[in-house]
Every structure is written in C-alpha cells, then in structure tokens.
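> My questions will all concern the structure given below.
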Amino acid sequence: MAGISSEPGFLLTTVEKGVNWARTRSMWPASFGLACCAIEMMGTGAAHNDLARFGMEVFRASPRQADLMIVAGRVSQKMAPVLRQVYDQMAEPKWVLSMGACASTGGMFNNYALVQGVDEVVPVDMYVPGCPPGPQSLMHGILSLHQLIMDGEIRNSTGVL
Amino acid sequence: MADEPVNKTDDVPEMDEMVEEHATSEPETPVTDDPVVAAALGEIPGVLVTEHDQASSDATYHQAIVPSESWVDAVVAAKDAGFTFFIDLYAADHFREAPRFEVGINLLNRRERRRLILRTRVPYDAPTLPTVSHIFAGANFYEREAFDLLGVEFTGHPDLTRILLPDEWEGHPLRKDHAVGAIPVEFKAGSVDL
Amino acid sequence: MSDTTDLTADVPAEEVEEASVSVAEERRAAHDVWVSGTEERMPFATGTDEGAQEMLPSDIDPALAIQEGIEVDDDYVDEDDDHDFGDRQIINMGPQHPSTHGVLRLQMELEGETVVRVKPIIGYLHTGMEKTAETLNYAQGATNVTRMDYLSPFHNELAYSLTVEQLLGIDVPPRANAIRVLMTELNRVSSHLLWAATQGMDIGALSMMIYGWRERETCLDFFEKTTGLRMNHNYIRVGGVAADLPDGWRDDVASLITTVSRGVDEYEQLLNENPIFLDRTMGVGVITPKEVEQFGITGPMARASGVNWDLRKEMPYCGIDQYEFDVPLGKYGDVHDRYEVRIAEIRESLKIVEQVMDSMPSGDYRTEDRKVTPPPRKRIDESMEALIHHFKLFTEGIAVPPGTAYQAVEGPRGEIGCMMISKGGSRPWRMHWRAPSFAAVQALPVMMTDSLVADVVASLASADPVLGDVDR
C-alpha cells in the first residue's frame, strides 16, 4: 500500500479479519520450557530456523506480556499448579500450544509422576506431535494455530469478545 | 513375563509371607585381596567384598555388603582409608525378601583409582539407618531422595523431607507394592470436531 | 574422619604456591571462597517458610550441620522468634524463570543485593523414570534413559548399555566401541556448545546464544543423519549400536570439525578479552577441591577446581584410552575457569573424533550374540534356531542374570552412572541413576552464598544443570 503510490489509498476489510491478522503477526510466546522439547523450542527461535520470520522470536519471561504458552515438555504433578498459575496470569487473548508427546498425552511415561496430558490443566488450542518435535514440526503447529485464529472469531478463551 | 508385581496393587502379599532370608554374610574370606579395599574395611566385622569387572573396560570395582549396625563405621573407615570422593547414595526395595530395603553408597578413591560400593540392608518394619550426611555433605540430597521414593528413614538427617515429590504426597512410589500409577489408555476414535 | 589426603596435590606444587599468592589478584580476591562456620550465624525470623518443603526444624543438633569446616547451609534455621527481620527478604527464583535452565526453583534470602542463603528446590520435572524402567524390558530401556539428561542422550544410553552388558558379561565388537566413542564425543561437543550459548545469554552476551546454536545445529544434523532423530536417539543399545554409520559420514564429520573449530575460535574472540565477561565470571561461584569431593561434583566443574578426575582417563571404557587427548584443568574453580575448561574440552573432543575417524575399525556394529541381538531377517526364513531366537527376543526380551552392577561414563556434566539390580528375567528390578546435575544443584548454595543476585545467574549457568537429569 504505502510506498507504492504517492496518492493516499484505502483498504477494505472486516474488523474481524483485521484484528485476527494483527493477533497472529506478533504472537509472543511465554517461555515455558520444561524438558527436551524446550531445547527444540529454543532451537526454533535460534538462527538456523529463525522464528523471527513470524514475529515470534520474543520469548517473554513474564506471562503478562505473552500471548501464547508453548508447553514444551513433560508436566509433573508438582509442576501442574505452577503451569495453571502462569496460564491464569496471561492476559487475554491467549492460546496454548502443547508441544510434544509428553505434554499432549503423557508420552511414554504413563506413571504416577506425570500429568497425562496438559489439557487436564489448561485448555489447549493446538497439539504438536513428536518426541521431541523438530523445529519444522513446531513451526507447522504454530502456523496452523495462526490459520486457526485467522479463520476464527474474535473472542477470548471464555467465548466473549 | 507377569511374575513381577509392578502393576498390581491387589495381590500384594502380607509381610509375614516373606520367607526368603537374605544372607548378609557368608563364611568366606572376610576381606578381599585388594590392599586398598582391605585397608578400608579390614576392621569392620561381617563384611563381604566382591570384585566386579566393568563392561568394555579393564577397570574393576568393589562391592561390599556391610551389616547395617556398622554402616556409619564402614563409611567412616572407607573415608579414612582414602575413599574421600562421594559419588552416589541409593536405596532399593527387595520385595519379598527380608531385610527388605537396600541402601548403598558409592565412593571413589582418587589416589588409587578404586571405586567402592558399600551396600547394606534394613528391615521393612524399621527402615531406619543413621545418616552419613555429616560425613559426606553430598549425601544430604541423596538421602532425601531415598526417603522420598522408598521411605527409608535416615536418623539424624538435618532435613529429611520430600525432595522430588510434592510435600503432601502419600506413599513411596519406588516401593514394589506401590503401583506404577498408570492410567488406562482409551482410544476414542471419531470424537474430534473438524 | 581425618583429613588424610592433600586435595590440592593434583595441582603442581609451584602452582599451589603461585595460586595462594596470586589469589591476591584483585578480581578474584574480591570474592572470598565461601568457608562457612567462620561467619557469624545470623538469627532468622519465623515465617520465612514459603516453600513447598519444610525448613530445618529448630531442635536439630547443630553439630550435625557442621561438617569439617563445610557447612550445609541451604536450610533456614529458626533461632530467634522475636528477631527483627530487617532488610532481609525471601525471593523465589523459578520454577518458571528463563535463567534457571528449566524448572529449578531457588529460594533466596537477600540482604539488599547480597544473597545470604540459598535453598534449591527440585522435583518440578520428576518423571518417575526409575519406576517406568522397572516396567520396560532391557531392549526398551534405552528409550527411557535417553530422555533423562536430554542434552547428552548418547551418554545416558552408553551408561545404560554398559551396565546391562556388565550384567550379561558380553563385550561388543571394536567397531561398535569406536562408533560409541565417536557419538558420545560429538555429543559432548554439542552439549558444551549449548552450554556456551546459554552461559553467554545468561550473563548478557546475547550474541553467544545465536552463535552457539548455529554450531550445535551442525552436530544435530549429523546425529539426525545417523540415528534418525535430532535428540533422544535411542541409538546406543545393549550389544552395540542400532545402525551402522551412514554413507559419507567421514565427509560430514570432517566438515563438522571445521565448522565447530571455527566457531569456537569465534567465541574466544568474542569473550576472552571482553571486560564485561571477565568481570562477571572471574572469582564468581568458587568451589574448592574439598567441596568438590564432599558434594560429589564431577566433570568440568570438578576439573575447573583443579580436581584431576576424568573417567575417560581413570577408568576408561569403550577403548577410549587408545586415543590421545588431554584433560584440561582449572586453577581457581570459578565461573571463568569452567568456561575455559569447557571450551578446551570441545577441542579435545574434536581431537578424539579425528582419531576415531582415522582408525575406525571395520566389522560388526553390534554383537552377534543371538541372546542379545536379533538375527537378520533372511536367517529367520532359513533357520529354525534363528526364528526361535527372534521370537524369544521380541516376546520376552533379553534375559539378564541376577546381580548388581554399576557402571559410569564421563558425560558432559560429569559422571553419569547407572546402578542396576537384576533378579533375572527381562526387566530390571531396580535402576538407579547417578546424575551429575543432581550433585551440582546440591552444591549451588556453596557457590552462591555471599554473592550478588546477578552472580547467582552466572554461577547457575556455569554449573550447567539439566533438570531432566536432576529430577529424573
């Protein structure tokens, strides 16, 4: 638009599309690294795979500033309350991506110590399979989540705008 | 295949069914011919030392079965004899054997390149052992781990609390009569909204 | 409990002399080595118990806490109920904190900017792997343990395989040993590269983060080509390795060595003369050789303190003693020495890798013992015996005789050991892991007490704890 023509122009869209577009273009993740997946998540953000292409390289340490929680790794019974607290501290709108087999289902550790799927604690919008998922898998999951947001309505996790 | 009671909580036998006695000492030569280990444990009564080969290696190491009464004495003797490098402390559950719990400590002698693993047993009804955390500071966390996961109590330990599991946890999961805690996996096909 | 050995004996005598003099070197002398028992015990108020775990009971015998001049001071003592708490405050760092390398939680008592006491609280990643191991057979076990210390998966698998092989009493072919050495040493390189990246990031050199990951990816590419996975490979198995090296592996490894060496040179250009880096690392987080032995610290951390102990030299495994390499040693035991030791270890590991490349023996990559390794597919059609072996292996698993075995390897963080109790059958009765990070985390109060809050991050990063290894 700007820069192409010297004349002032205009663009037609719906509010919904505009808001969703804005939300997906700078979706800052909360750094919630737990186990092996966290290493791959950091690898996704590093130079080789460069998550900055999607405006997502800013891993926020504070949940207040984050839009997306990537649960990267196995969630133990001891960690589950912390996870829920971090999720509750995030501002709306917020999304959760469950990265890897352990976060999604408990993975190969079906035992006393692990929460069998993080969706028992927080609502999950996207699951990424793999143990651990490679950077490409994670990026695919993130882009699928972007698409989900673009196609969806403007609303927060309770269903209200 | 199904001879281990790991997944079953129902058919745990009563403790009085345990018949198999674990021999703490056998009538053999009391101490090994290795001079370093002999110097460490020669004074401790009832010690049984065995030498083990490592895989893909020329190095060997020693295991010593120690009566639980002389646990601290043996650790102190080993430390005085040069086994000053604390490596590891573990506990294990020998279910259906008496005494039931095993505790071991793994020490290194840097000068002589020897590894010595002292092992002892404590019974189910009194799973207590004096702490060695005042001899090796590093034993502190390891003893807490053994207490947390197997319920072996170390008397005199400065802070014997749960370390890996939450404080309000009940039970000791690495005991053999504790279930794995697996939940049954159900496959629910067709419930995904597309 | 006598002090029989001179623990500094590994450092040459003239260096000890020099050390005691040149400790006067201003930077390093600025931070005293923490010798507790010398400082006055501070009274502490009640109500500081904010943790998930109980604090020290007040009626404990104080003699127990004092250990030959080393005092475990990671617990809060209620000595005076009426004491004015003053400026002190309790700060929780973690478990969700970017500098804690995962989910470690540090409970710190601060007086202004100074750390008075620290208590590490762990268990937030407790996965119950030792329990799960009792339900998996020996062939499946490597899948479990490789997820333990997820930055050195090959070392975990190697320690596990060696322990089972010790119980079985088998040896593996020379090529399998050479491949094991090759992969573990490359893994040490990739782990140290990751450490360099995160250490740099934690003390403010954000470029190090980008550079470290860049070189690490070249290692991961080779791992992926060989094992099929970037992490958690399940490649080193009981009886050998899962597959032979891929075609053209020599070219890959050669180019990897070039890339990584060039990268390491770049790091040194970036950091070695950097005044901020030097100020933030020198004299910070000191650990003495005596504390190393007391807490069971191994690996680069111990060697940075001058403790010359490397299992590859002292109790060599997999024929690693046939390769020439040096064990880099530090002198002061501070964060900067750990940096130097690890950077030197990357170079030494690359030296080993080069020698393995030149001397790679031919032959089988796993043992031909049919009680351990399944027969080739073709043999099953021809031989009844092969069919039976195959069936037994895949229905029952490897049958391991009763016994107790311990074997350790030198991982990137120290001694990774596996203690295994077998009562016969196809599953371990008990599998206990000696985790190097566990010991390092336990010694964190020693490194951090009386330092500044910013130094806490530097000390923690230099310990390089992997929480998957700590909590298992």
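The values are calculated or read from the model by the stated rules, or taken from the named source; none is laboratory data. Remember, predicted model here, so these are calculated numbers, not experimental data. Neighbour counts run over all protein chains shown; Cβ positions are idealised from the backbone, glycine included. The protein model used for the area step is the full one, side chains on, heavy atoms only, and it has no ligands, DNA or RNA in it. Shrake-Rupley method; radii C 1.70, N 1.55, O 1.52, S 1.80 Å.
> What is the one condition in (1) in contact (Cβ under 8 Å) with a residue 60 or more places away in the chain; (2) more than 25 Å from B:E145 (Cβ to Cβ); (3) of a type in the set (A, V, I, L, M); (4) not in a loop (DSSP other than H, G, I, E, B) that C:V470 does not satisfy?
(2)
> Looking only at the stretch C:205-242, which residues are more than 10 Å from chain A (Cβ to nearest Cβ), under 21 Å from C:H155 (Cβ atoms) and open to solvent by 40 Å² or more (accessible area, probe 1.4 Å)?
Matches in the stretch C:205-242: C:K225, C:G228, C:R237.
The rows are residues; the columns are (1) modelled with pLDDT under 90; (2) among the hydrophobic types (A, V, I, L, M, F, W, C).
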| position | (1), (2) |
| --- | --- |
| B:S56 | yes, no |
| B:A98 | yes, yes |
| B:V103 | no, yes |
| B:R114 | yes, no |
| B:V122 | no, yes |
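> Which one of these does C:L229 not meet: (1) in a loop (DSSP other than H, G, I, E, B); (2) aliphatic (A, V, I, L, M); (3) under 13 Å from C:Y267 (Cβ atoms)?
(3)
> Inside the stretch B:107-136, can you point out the residues that are within 11 Å of chain C (Cβ to nearest Cβ) and under 22 Å from C:L311 (Cα atoms)?
Those that are within 11 Å of chain C (Cβ to nearest Cβ) and under 22 Å from C:L311 (Cα atoms): B:L107, B:L108, B:N109, B:R110, B:R111, B:E112, B:R113, B:R114, B:R115, B:L116, B:I117, B:F136.
> Any residue at all in the stretch C:173-180 that's open to solvent by 10 Å² or more (accessible area, probe 1.4 Å), away from chain A (no Cβ under 14 Å), at positive phi and assigned to a loop (DSSP other than H, G, I, E, B)?
No, the stretch C:173-180 contains no residue that is open to solvent by 10 Å² or more (accessible area, probe 1.4 Å), away from chain A (no Cβ under 14 Å), at positive phi and assigned to a loop (DSSP other than H, G, I, E, B).
> I'm told A:E40 meets every condition in (1) more than 13 Å from the chain's Cα centre (by Cα); (2) farther than 19 Å from C:M231 by Cα; (3) of a type in the set (D, E, K, R) except one. Can you identify the failing condition by its number?
Here A:E40 clears every test but (2).
> Name the helices (runs of 4 or more DSSP H) wholly inside the stretch C:98-172 in which the number of residues that are under 16 Å from the mean Cα position of the chain (by Cα), hydroxyl-bearing (S, T, Y) and more than 10 Å from chain A (Cβ to nearest Cβ) is 1 or more.
On the way: elements: C:129-133, C:138-145, C:153-168.
Once the helices (runs of 4 or more DSSP H) in the stretch C:98-172 are filtered for at least 1 residues that are under 16 Å from the mean Cα position of the chain (by Cα), hydroxyl-bearing (S, T, Y) and more than 10 Å from chain A (Cβ to nearest Cβ), what remains is C:153-168.
> If I filter the stretch C:271-311 down to residues being assigned to a loop (DSSP other than H, G, I, E, B) and without any contact (Cβ under 8 Å) to a residue 40 or more places away in the chain, which single residue comes out as most open to solvent (accessible area, probe 1.4 Å)? Before you say what the answer is, go through the steps one by one.
Taking the stretch C:271-311 and keeping what is assigned to a loop (DSSP other than H, G, I, E, B), we get C:272-274, C:282-288, C:296-299, C:305-310.
After this cut, where a residue has to be without any contact (Cβ under 8 Å) to a residue 40 or more places away in the chain as well, the list is C:272-273, C:305, C:309.
Values: C:N272: 59, C:E273: 150, C:S305: 6, C:W309: 4 Å².
Only one residue tops the list, namely C:E273.
> Show the residue pairs that are 6+ apart or on different chains and have beta-carbon atoms under 6 Å apart, the first residue being within the stretch B:161-172 and without any contact (Cβ under 8 Å) to a residue 40 or more places away in the chain, the second being open to solvent by 50 Å² or more (accessible area, probe 1.4 Å) and assigned to a loop (DSSP other than H, G, I, E, B).
Final answer for the pair search is B:T161/C:E54.
> Look at B:N140 and say whether it is within 20 Å of C:M420 (Cβ to Cβ), polar (S, T, N, Q) and within 10 Å of chain C (Cβ to nearest Cβ). Talk me through it step by step, then tell me what you get.
Numbers: within 20 Å of C:M420 (Cβ to Cβ): no; polar (S, T, N, Q): yes; within 10 Å of chain C (Cβ to nearest Cβ): yes.
It is false that B:N140 is within 20 Å of C:M420 (Cβ to Cβ), polar (S, T, N, Q) and within 10 Å of chain C (Cβ to nearest Cβ).
> Of all residues in the stretch B:144-177 being part of a loop (DSSP other than H, G, I, E, B) and of a type in the set (V, I, T), which is farthest from the other protein chains (Cβ to nearest Cβ)? Even if it seems obvious, please write down each step before you answer.
Filtering the stretch B:144-177 for residues part of a loop (DSSP other than H, G, I, E, B) gives B:151-152, B:156-177.
From what's left, of a type in the set (V, I, T): B:152, B:161, B:163.
Numbers: B:V152: 13, B:T161: 5, B:I163: 6 Å.
That would be B:V152.
> Would a scan of the stretch C:363-371 turn up a residue that is of a type in the set (V, I, T) and either closer than 18 Å to C:E157 by Cβ or buried (at least 17 other Cβ atoms within 10 Å of the Cβ) (or both)?
yes
> Among the residues of the stretch A:105-132, which ones are outside any loop (DSSP other than H, G, I, E, B) and either of a type in the set (D, E, K, R) or surrounded by fewer than 23 Cβ atoms within 10 Å (Cβ to Cβ) (or both)? Give the derivation first.
Quick first cut of the stretch A:105-132, residues outside any loop (DSSP other than H, G, I, E, B) only: A:105, A:114, A:118-120, A:126-128.
Residues satisfying the conditions are A:T105, A:D119, A:E120, A:M126, A:Y127.
> Among C:M447, C:M357, which is in contact (Cβ under 8 Å) with a residue 60 or more places away in the chain, surrounded by fewer than 20 Cβ atoms within 10 Å (Cβ to Cβ) and aliphatic (A, V, I, L, M)?
Result of the check over C:M447, C:M357: C:M357.
> So B:A182 clears everything in (1) within 11 Å of another protein chain (Cβ to nearest Cβ); (2) among the aliphatic types (A, V, I, L, M); (3) over 30 Å from A:G106 (Cα atoms); (4) surrounded by fewer than 23 Cβ atoms within 10 Å (Cβ to Cβ) except one condition, right? Which one?
Here B:A182 clears every test but (3).
> Does A:M69 satisfy the condition of being closer than 20 Å to A:V118 by Cβ, in a helix (DSSP H, G or I) and either touching a Gly at 6+ places or on another chain (Cβ under 8 Å) or more than 10 Å from chain C (Cβ to nearest Cβ) (or both)?
No; evaluated as a whole, the condition is false for this residue.
> From the list B:A91, B:A81, B:A77, pick out the single residue that is within 11 Å of another protein chain (Cβ to nearest Cβ) and crowded, with 24+ Cβ neighbours inside 10 Å.
Step by step, each of B:A91, B:A81, B:A77 is checked, and only B:A91 is within 11 Å of another protein chain (Cβ to nearest Cβ) and crowded, with 24+ Cβ neighbours inside 10 Å.
> Follow-up. Hey, does the stretch C:388-400 have a residue that's facing chain B (nearest Cβ under 10 Å), surrounded by fewer than 18 Cβ atoms within 10 Å (Cβ to Cβ), in contact with a Ser or Thr (Cβ under 7 Å, 6 or more places away or on another chain) and farther than 28 Å from C:Y150 by Cα?
yes
> Still on this model: Would you mention how many residues in the stretch B:46-91 are in contact (Cβ under 8 Å) with a residue 40 or more places away in the chain, farther than 15 Å from B:E112 by Cβ and in a strand (DSSP E or B)?
The number of residues fulfilling the criteria is 8.
> Just to be sure, is C:A196 open to solvent by less than 10 Å² (accessible area, probe 1.4 Å), under 30 Å from C:V457 (Cα atoms) and of a type in the set (A, V, I, L, M, F, W, C)?
Yes; evaluated as a whole, the condition is true for this residue.
> For the stretch A:6-64, give me each residue that is farther than 27 Å from C:M148 by Cα and of a type in the set (V, I, T).
Within the stretch A:6-64, A:T13, A:T14, A:V15, A:V19, A:T24, A:V58 meet the criteria.
> Name every residue in the stretch C:403-426 that is out of contact with any helix residue (DSSP H, G or I) (no Cβ under 7 Å at 6 or more places or on another chain), closer than 18 Å to B:Y61 by Cα and open to solvent by 10 Å² or more (accessible area, probe 1.4 Å), in order of residue number.
Passing the criteria: only C:T404.
Residue-by-condition table, conditions (1) without any contact (Cβ under 8 Å) to a residue 40 or more places away in the chain; (2) surrounded by 15 or more Cβ atoms within 10 Å (Cβ to Cβ); (3) touching a helix residue (DSSP H, G or I) at 6+ places or on another chain (Cβ under 9 Å):
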site: A:L12; (1), (2), (3): yes, no, no
site: A:R25; (1), (2), (3): yes, no, yes
site: A:L34; (1), (2), (3): no, yes, yes
site: A:A72; (1), (2), (3): no, yes, yes
site: A:Q77; (1), (2), (3): yes, yes, no
site: A:V86; (1), (2), (3): no, yes, yes
site: A:K94; (1), (2), (3): no, yes, yes
site: A:M99; (1), (2), (3): no, yes, yes
